[in-house]
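Single-structure report; data block below.
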Amino acid sequence: MKLLLIAEYRDGQLLAGWSELLAFSREMGGESVFFLVGSEEHLPTCDEKLYLADSSACGEYNPDLHKKLIVDIVNKEQPDMVVFSHSSYGWDLAPRVAFALGASQVSEVVDVSDGVPVIPVCNSKLRREVKIKTDQAVVTLQAGAFGLQEEPSGTPTVEKISVDAAGRTTFTGYEQAESGGVDLAKASVIVSAGRGIGKPENVEMIAGLARALGGEYGASRPVVDSEWVEHNRQVGTTGQTVAPKLYVACGISGAIQHLAGMKKSEFIVAVNTDKDAPVGEVADVLVVADLKQFVPVLTEKIESL
Amino acid sequence: MKILVCIKQVPDMESKFKVDDSGTWYDRADLAWRMNEYDEYAVEQAVQLKEQVGDSDLTVLCIGGDQVKETMKKALAMGCDRGAHILDDEVSTKEPYQIASIIAEYAQDKSFDLIFTGMQSQDRGSGQVGILVAEFLGLPSVSTIVDFVYEDGKIDVKRELEGGVKACVGLSAPALLTCQLGLNTPRYPTLPNIMKAKKKELLSIPVEDLLKVEARQETARVYFPEKKGGGLVLEGEVDQLADQLIQILKEKTGVFA
Ligand SMILES: Cc1cc2nc3c(=O)[nH]c(=O)nc-3n(C[C@H](O)[C@H](O)[C@H](O)COP(=O)(O)OP(=O)(O)OC[C@H]3O[C@@H](n4cnc5c(N)ncnc54)[C@H](O)[C@@H]3O)c2cc1C
C-alpha cells in the first residue's frame with residue numbers, strides 16, 4: 001500500500017500534524033511519500049521522499065493551485081491513498097482532490113478497523129465504519145487520533161516541483177486572534193460554560209464557581225458566538241488550548257473541537273444533564289445534574305470550606 | 001441576482017440515539033428534528049445578501065422525505081423566496097458525492113450567482129458536500145467562512161483557521177461558500193413571516209430525476225463508541241453530589257491545598 005501524505009505550512013511555519021500522518025501510514029503498513037507547499041528551511045524530520053513546492057512562489061493557501069500540484073504528484077506516484085489532517089487546510093482541499101481523482105473521501109478518521117476507516121458521527125455519540133468502493137481514496141485524520149511512540153528523525157529526500165497555474169481565489173492576508181485580557185493558559189483551574197447554561201445571565205454563575213476555586217472561567221464556542229463571553233475565553237480548536245490542574249465543563253457536550261482544547265487537563269469534571277454526553281469520554285468525574293441547580297450549591301459549599 | 005442555499009434536516013444532537021435495524025445508521029423514531037446548525041448561518045447570510053442587493057431570487061434546497069418540508073418552511077419564514085424539495089425517502093443512505101451530484105444537477109442550468117451551504121452537517125459531519133457541489137459546477141469555492149462582504153460581483157470573505165486566526169480571501173461571483181458558526185446571528189422567523197411563508201412555492205422533485213452517479217462508499221457499520229477512561233459517573237441529589245465532588249477534588253487534586 002502506498003500513501004501520499006500532505007503536510008501543511010502556514011505563514012512561515014511547518015504545522016505539527018505531519019507526524020500524525022506518518023503514524024497513520026505506519027499503522028496502515030504503508031510506504032509513504034510526503035507533499036508540502038512550504039520551504040526548505042522547515043522540513044519534516046523523516047526519511048521519506050518529499051515533494052516540495054516553494055511557498056514563496058506559490059503564495060499562501062490557494063485551493064486551485066494546491067489541488068493541481070497534488071493531482072500531478074498522484075499521477076506520478078499512483079498512491080492508493082492521499083492523507084490529510086482534518087484541519088482547515090485538509091477539509092478544504094481533500095474534497096477537491098478527491099473529486100479530481102474520482103476517489104472516495106472519508107473525513108475525520110479516528111481509527112482503522114480491519115483496514116476500514118472509522119469516523120465519529122452525531123457529535124461523537126456514534127462511530128461509523130466506511131467501506132470505500134473506489135481504487136484510490138482520500139482521507140482526513142482527526143487531530144490527535146494517530147501518534148508515534150517516538151518523534152521521527154531523519155532528513156527527507158527532497159524533489160522540488162512547481163506549477164504555473166493561477167487560482168480563482170486571492171489570499172489577501174491573515175487576521176490574528178485578538179489578544180489581551182485573560183490568559184487561560186496560566187490558570188490552574190478553569191470552569192467553562194457551555195450552551196447548557198441556557199442564557200447569558202448564567203455566565204456569572206460559572207464565573208462565581210471559578211472564583212471560589214481560585215481560577216478563571218472559559219467557554220465553549222456557541223457561548224462565544226452568542227457574545228455572552230468574549231473570544232479570548234474560548235477553549236478549543238479555534239480558541240485556546242489549555243491544560244489546567246482542574247477543568248470543570250458545565251453544560252458542554254464534548255464535541256471534538258472543544259475536547260481538542262482541554263483534554264490535556266490533569267483532572268476533568270463535567271456537569272451535564274445528559275449521561276451519554278460525549279464529554280463523559282474524557283471526564284474523570286461526570287456529574288449528572290442540572291447545572292443551574294448544582295453549580296450554586298457547589299459554589300456555596302466551596303466558599304464555606 | 002439568483003441565490004441558492006442548501007440546508008439539511010438533522011436530529012437534535014442531545015437526542016438519545018439508537019442504531020437502526022440495518023446497523024448502518026441511527027433509528028429515526030422518537031427524534032426531534034431541526035435545521036442543521038451550520039445551515040442556519042448559511043440561510044441568514046443568503047437572506048441578508050438578498051436584502052442588500054434588492055432585486056434577487058433566493059431558493060432554499062433540501063433533500064429528504066416529506067418530513068424535511070417543516071425545516072424548509074423555517075427557511076422560507078426567515079426570508080427565502082421559494083423551496084426546491086428533492087424528495088428522497090432514502091436520503092440517509094446517500095453518501096456526500098451523491099448528495100453533491102444531486103444538488104449540482106438541480107443547479108446546473110439555473111445560473112445561480114451565489115450558493116451557500118453549511119460547512120458540515122451535525123450528524124454525518126463529512127464537510128464535503130458544499131465543496132463537491134462547487135467542483136461539479138466548476139465554481140470557485142471557499143469553506144468555513146466567518147465573515148462575508150459582497151459588492152458588485154466581488155466577494156470578500158474570512159475563512160476560519162485554527163487558533164482564532166482567519167485568512168482573508170477575495171473571489172468573484174459565481175461562487176460557492178460554506179458557512180461556519182458565528183458568521184452572523186440567524187434571525188427568528190416572526191409570526192407574520194411564518195404566515196407569509198405558507199404561501200411560498202415549495203416544489204417537490206423526485207430524486208430519481210437528479211441522481212446520475214453511483215455511490216463511491218457505503219456504511220459498513222454504526223455503533224456506540226466504547227466508554228474509555230472509565231470516569232466516575234455521579235447521580236443523585238445536588239446537595240449530596242456537591243459533597244461527593246468536593247471530597248473527590250480534595251483527594252485527587254491540589255485545588256483546595
Ligand atoms: C471547525 C470548527 C471549529 C470549532 N472550534 C470550536 C472551539 O474552539 N471550541 C468549541 O467549544 N467548539 C468549537 N466548535 C464547535 C463544536 O463543534 C461544538 O458545536 C461546540 O463545542 C458545542 O458547544 P457546547 O458543548 O457548549 O454546546 P452543545 O453541543 O449544544 O452542548 C450543550 C450541552 O449542555 C447540556 N445541558 C443542557 N442543559 C443543561 C443543564 N441545564 N445543565 C447541565 N447540562 C446541560 C446538554 O446535555 C449538552 O450536552 C468548532 C466547530 C467547528 C466545525
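Quick notes on this structure:
- Exactly one residue out of A:S192, A:S188 is within 11 Å of chain B (Cβ to nearest Cβ), closer than 19 Å to A:A243 by Cβ and modelled with pLDDT of 95 or more: that is A:S188.
- Residues of segment B:202-227 that are among the charged types (D, E, K, R) and closer than 17 Å to B:A107 by Cβ: B:D209, B:K212.
- Helices (runs of 4 or more DSSP H) lying entirely in segment A:172-265 (those with 3 or more residues that are buried (at least 17 other Cβ atoms within 10 Å of the Cβ) and more than 12 Å from the ligand (Cβ to nearest atom)): A:203-212
- Hits in segment A:75-94 (condition: open to solvent by 10 Å² or more (accessible area, probe 1.4 Å) and away from chain B (no Cβ under 14 Å)): A:N75, A:K76, A:E77, A:Q78, A:D80
- Test: residue in segment B:199-219 that is at the interface with chain A (Cβ under 7 Å from one of its Cβ atoms), among the charged types (D, E, K, R) and over 24 Å from A:E227 (Cβ atoms): yes
- Taken residue by residue, segment A:266-273 has at least one member that is within 8 Å of the ligand (Cβ to nearest atom) and surrounded by fewer than 24 Cβ atoms within 10 Å (Cβ to Cβ).
- Take the conditions (1) open to solvent by less than 50 Å² (accessible area, probe 1.4 Å); (2) in contact with a strand residue (DSSP E or B) (Cβ under 8 Å, 6 or more places away or on another chain); A:K133 misses just one of them, which is (1).
- Residue satisfying all of: in segment B:89-117; more than 13 Å from chain A (Cβ to nearest Cβ) and either in contact with a Lys or Arg (Cβ under 7 Å, 6 or more places away or on another chain) or aromatic (F, W, Y) (or both); most open to solvent (accessible area, probe 1.4 Å) among these: B:S111
- The C-beta contact set for segment A:278-291 (first residue more than 7 Å from chain B (Cβ to nearest Cβ), second residue in a loop (DSSP other than H, G, I, E, B) and more than 11 Å from the ligand (Cβ to nearest atom), distance under 9 angstrom, 6+ apart or interchain) comprises A:P278/B:P225.
- B:D27 open to solvent by 20 Å² or more (accessible area, probe 1.4 Å) and touching an Asp or Glu at 6+ places or on another chain (Cβ under 7 Å): yes
- Residues satisfying the criterion are absent from segment A:155-178 (criterion: more than 8 Å from chain B (Cβ to nearest Cβ), under 19 Å from the mean Cα position of the chain (by Cα), within 26 Å of A:K76 (Cβ to Cβ) and β-branched (V, I, T)).
- In segment A:212-232, the residues that are free of Cβ contacts under 8 Å to residues at least 24 places away in the same chain reach residues that are of a type in the set (A, V, I, L, M, F, W, C) with C-beta atoms within less than 6 angstrom, at least six apart or across chains, in these pairs: A:D225/B:L181.
- Identity of the residue in segment A:29-74, of a type in the set (V, I, T) and in contact (Cβ under 8 Å) with a residue 60 or more places away in the chain, that ends up most open to solvent (accessible area, probe 1.4 Å): A:T45
- Screening A:A100 on (1) open to solvent by 30 Å² or more (accessible area, probe 1.4 Å); (2) in a strand (DSSP E or B); (3) hydrophobic (A, V, I, L, M, F, W, C) shows it passes everything except condition (2).
- Test set (1) outside any loop (DSSP other than H, G, I, E, B); (2) closer than 21 Å to A:W91 by Cα; (3) in contact (Cβ under 8 Å) with a residue 60 or more places away in the chain - A:E159 fails condition number: (2)
- Near pairs, Cβ below 7 angstrom, 6+ apart or cross-chain, from segment B:178-191 (farther than 17 Å from B:Q120 by Cβ and assigned to a loop (DSSP other than H, G, I, E, B)) to any residue that is within 14 Å of the ligand (Cβ to nearest atom) and not small (G, A, S): B:N184/B:Y41
- Residue in segment A:41-56 that is modelled with pLDDT under 95 and assigned to a helix (DSSP H, G or I) present: yes
- Close pairs from segment B:131-150: first open to solvent by 10 Å² or more (accessible area, probe 1.4 Å), partner among the charged types (D, E, K, R) and in a strand (DSSP E or B), Cβ under 6 Å, at least 6 apart: B:V146/B:K158; B:V146/B:E160; B:D147/B:K158; B:V149/B:D156
- Residue list for segment A:85-108, filter: touching a strand residue (DSSP E or B) at 6+ places or on another chain (Cβ under 7 Å), within 21 Å of B:Q122 (Cβ to Cβ) and within 16 Å of the ligand (Cβ to nearest atom): A:H86, A:S88, A:G90, A:W91, A:D92, A:A94, A:P95, A:S107, A:E108
- Residue match in segment A:291-303 (condition: outside any helix (DSSP H, G or I), at pLDDT 95 or above and near the ligand (Cβ under 8 Å from one of its atoms)): no
- Flag if A:A145 is at pLDDT below 95, surrounded by 15 or more Cβ atoms within 10 Å (Cβ to Cβ) and in the same structural domain as A:D54 (by TED's automatic domain parsing): yes
- Filtering segment B:46-65 to residues that are touching a residue at least 60 places away in the same chain (Cβ under 8 Å) and out of contact with any Leu (no Cβ under 6 Å at 6 or more places or on another chain) leaves B:V47, B:Q48, B:L49, B:Q52, B:V53, B:I63.
- Residue pairs whose Cβ atoms lie under 6 Å apart, sitting 6 or more positions apart in sequence or on different chains, and linking a residue in segment B:201-218 that is in a strand (DSSP E or B) and surrounded by 14 or more Cβ atoms within 10 Å (Cβ to Cβ) to a partner that is of a type in the set (S, T, N, Q) and at pLDDT 95 or above, are B:Q217/A:S104.
- Check on B:K227, exposed (fewer than 12 other Cβ atoms within 10 Å of the Cβ) and closer than 28 Å to B:E70 by Cβ: no
The values are calculated or read from the model by the stated rules, or taken from the named source; none is laboratory data. For clarity, every value in this text was computed on a predicted model and none was experimentally measured. Methodologically, a virtual Cβ is constructed for each residue, glycine included, from the backbone with ideal geometry; neighbour enumeration extends over all protein chains shown. The area values use the complete protein model at the heavy-atom level, side chains included, leaving out ligands, DNA and RNA. Shrake-Rupley method; radii C 1.70, N 1.55, O 1.52, S 1.80 Å.
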